[in-house]
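Below you'll find the structure, written out as structure tokens, and then a few comments.
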Amino acid sequence: MAKYLVQRSEPLKGEVNISGSKNAVLPIMAGTLLTDEPCELSEVPALRDVYVMCDLLSDLGFEIEKNYEENKVKVIPGKSIKTETPYEHVNKMRASFLVMGPLLARKGKAKVHMPGGCSIGARPIELHLKGFQLLGAKITEEQGYIEATTDGLVGDSIYLDFPSVGATENIMMAGSLAKGVTVIENAAQEPEIVDLANFLNRMGAKIKGAGTDTIKIEGVEKLNGCKHSIIPDRIETGTFMVAAAMTKGEVLIKNAVPDHVKPIIAKLKECGAKVDITDEGIFVNGSENPLVATDIKTLPYPGFPTDMQSQFMAMLLKTEGESNVIETVFENRYMHVGELNRMGANIKTDGNKATIRGDKGLTGAEVIATDLRGGAALVLAGLVAEGTTEIGEIYHIERGYEKFVEKFRNIGATIIRVEN
Ligand code: EPU
């Protein structure tokens, strides 16, 4: 099993180029199932979840032309498309469930293995299913599979009890080929939803309101292939912003969208880091002021992203004072806390609240990545800890970050990947 060895590093300095967004490309790849014409995607990040989605699409009968060096993937539909996804894929990646809406809309049938609970929480799917049912699908559950069938989806008004990202995406894709108008209320507003809507509209869909809490989808009979470039990854952006600030570095983050990381910019400034938006990118300077404690509360977009909670927590360990973090999106997203405490951190959790005593010296230790973002937090902590931090189970990190080690090394971090 491969590991990362991270050493206390000098302040990070230089430039980082942000890759395409993992959470935008996965639903968009699922969306290619809606057409019988090829789709060409660019700015596709070369990371494990994308490889899994490629495997899933080829199992369903698609031909995939991959050019990961140039971040391009072309999805070419085969003559016959399967409607059942093997357990193996849904087990590896929950986002596999996003093929359900497109398959149901295009083929009238989809059988997808029930995604299990995952490490960051139970992550149920009842909102996806409620949406499909309101559009006229019949849902049956047996032996761990969910099967949805329909003689033809018909648009309806769907109110989501929680603005679920995945449910909004699945329903938006299904509604694109439904008869009549589908309205999603209390929809998720994440930039990845807007990117998916732009992609679908390029295919000929008629979607309005993506990025607000009400999305209106006028169903069309057929969608065509198209070319689409994936938006930059706002969580990768945030991860490098935090890395720059906590190592007292000066890093220019290129190819990022400042509007997508507003809460991160605001909170970094509150902690005392300098953040400037220039024509070249986002410049983060942590060298001028000592960092001070702050509180964060994770919320659906445009609130502070849950996917940045653990990395921000790692930074709060280097601030003066006490900070509180409240996680409201997932019920079990503090698994990295135990690992950070093994490095000498003083973090106490009580339900969804974590209290961080800052300015504790950290010491390198043998730790494991418990999930994708928690793993990134350990890398960040390792950069400011005495000695060497040995991080195991890094496949979690490699699910969602492209060239993570290489990008960190380019800005002066002492990190290597070793095969055991
Ligand atoms: N939820 C329900 N019922 C549902 C769907 C969701 O109760 O039917 C709950 C979940 O259990 C969770 C909350 O709603 O507590 C948020 O879930 P959501 O559906 O919004 O998340 P997701 O679509 O499963 C995506 C990202 C996650 C990111 C969340 C929240 C992808 C592929 N994944 O997941 O990304 O944390 O939105 O922003 O887009 C990551 O990149 O590290 C990651 C976990």
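None of the figures in this text is laboratory data; all of them are computed from the coordinates on show. None of these values were measured; they are calculated from a predicted model. Positions of Cβ are generated from backbone atoms using ideal geometry, with glycine treated the same way; all protein chains shown enter the neighbour counts.
Counting Lys and Arg as +1 and Asp and Glu as -1 over every other residue whose Cβ lies under 11 Å from the Cβ of ASN410, the net charge comes to +2. Panel note: the C-alpha atoms of the stretch 7-52, placed on their principal axes, show extents of 52, 19, 13 Å (largest first). To the nearest ten degrees, helix 48-59 and the longest principal axis of the Cα atoms of the chain are 20 degrees apart.
Counted by Cβ distance under 11 Å from MET93, the other residues give a net charge of +2, where Lys and Arg count +1 and Asp and Glu count -1.
Only beta bridges with both residues in the stretch 156-252 are counted; by DSSP, about 65 percent of them are antiparallel.
The stretch 366-403 and the stretch 61-109 have Cα centres separated by 29 Å. Rounded to the nearest 20, the size of the Cβ-charge dipole of the stretch 235-333 about its Cα centre is 60 debye, with Lys and Arg at +1 and Asp and Glu at -1. Counting only GluC sites (Glu not before Pro) that sit in a DSSP loop (anything but H, G, I, E, B) with at most 12 other Cβ atoms within 10 Å, what is the longest stretch of the chain containing none of them? Here the longest run is 1-220.
Projecting the alpha carbon convex hull of the chain along each direction and taking the average yields 18.5 nm².
Calculate how many DSSP beta bridges within the stretch 330-420 are antiparallel, expressed in % of all such bridges and rounded to the nearest 5.
On the way: 5 of 9 bridges.
Antiparallel bridges: around 55 percent, rounded to the nearest 5.
With the cut-off at 1.5 for a/c, could you classify the stretch 48-107 from its C-alpha gyration tensor as rounded, prolate or oblate? Judged from the Cα gyration tensor, the stretch 48-107 comes out oblate (a/c at least 1.5, b/c at or above a/b).
Mind pulling the angle between the C-alpha long axis of helix 262-271 and the longest principal axis of the chain? Nearest 10 degrees, somewhere in 0 to 90. The two axes meet at around 10 degrees. Using the rule -39500 (n - 2.57) for each DSSP H run of four or more residues, divided by the residues of the chain, the 222 nm mean residue ellipticity is -9000 deg cm²/dmol.
When the Cα convex hull of the stretch 319-420 is projected onto planes of every orientation, the mean area is 6.8 nm².
Computed across the stretch 206-264, the Kirkwood hydrodynamic radius from all distinct Cα-Cα pairs reaches 14.7 Å. Two numbers describe the Cα atoms of the stretch 141-275: Rg and Dmax, which are 18.9, 60 Å. Computed over Cα pairs, the Kirkwood radius of the stretch 244-329 leads via Stokes-Einstein (0.890 mPa s, 25 °C) to a diffusion coefficient of 187 µm² per second. Reported to the nearest whole Å, the Cα centre-to-centre distance from the stretch 1-43 to the stretch 133-204 is 25. Per q in 0.25 1/Å, what log10 I(q)/I(0) does a Debye calculation on the alpha-carbon atoms of the stretch 322-379 return? With one equal scatterer per Cα and no solvent, log10 I(q)/I(0) is -1.11.
Angle of helix 165-176 to the longest C-alpha principal axis of the chain, folded into 0 to 90 degrees and rounded to 10: 30°. Remark on the stretch 368-420: hydrodynamic radius 11.3 angstrom, per the Kirkwood mean of 1/r across alpha carbon pairs.
Diffusion of the stretch 283-338 by Stokes-Einstein, at 25 °C in a medium of 0.890 mPa s and with Rh set to the Kirkwood radius over alpha-carbon pairs, works out to 200 µm²/s.
Of all the C-alpha pairs in the stretch 1-108, what % are more than 18 Å from each other? Result for the distance tail: 53 percent. In debye, nearest 20, what is the charge dipole magnitude of the chain about its Cα centre with +1 on Lys and Arg Cβ and -1 on Asp and Glu Cβ, if you could check? Dipole about the Cα centre, nearest 20: 140 debye. All other residues whose Cβ lies under 14 angstrom from that of ALA273 are scored, Lys and Arg at +1 and Asp and Glu at -1, for a net of 0.
Binning the alpha carbon pair distances of the stretch 126-205 at 10 angstrom intervals from zero yields the distribution 19, 50, 28, 3, expressed in whole percent.
Each Cα pair of the stretch 178-233 feeds into the Kirkwood radius, which the Stokes-Einstein equation turns, at 4 °C and 1.567 mPa s, into a diffusion coefficient of 111 µm²/s. Evaluated with a Cβ-only charge set (Lys, Arg +1; Asp, Glu -1), the stretch 362-413 carries a dipole of roughly 240 debye about its Cα centre, given to the nearest 20.
Each of TYR401, PHE312, LEU160 was scored by the projection of its Cα onto the charge dipole of the chain, and the greatest displacement toward the positive side belongs to LEU160; charges sit on the C-beta of Lys, Arg, Asp and Glu. When DSSP beta bridges are restricted to pairs lying wholly in the stretch 266-397, around 65% turn out antiparallel.
Three principal axis extents describe the C-alpha atoms of the stretch 90-165; from largest down they are 36, 26, 18 Å.
Can you pull out the trypsin sites (Lys or Arg not before Pro) in the stretch 1-88 that DSSP calls coil and that have at most 13 other Cβ atoms within 10 Å?
On the way: sites: LYS3, ARG8, LYS13, LYS22, ARG48, LYS66, LYS72, LYS74, LYS79, LYS82; in loops: ARG8, LYS79, LYS82.
Here the trypsin sites (Lys or Arg not before Pro) that fit, given the DSSP loop and packing criteria, are LYS79.
For the stretch 212-304, trypsin sites (Lys or Arg not before Pro) meeting the loop criterion (DSSP other than H, G, I, E, B) and having at most 13 other Cβ atoms within 10 Å: LYS222.
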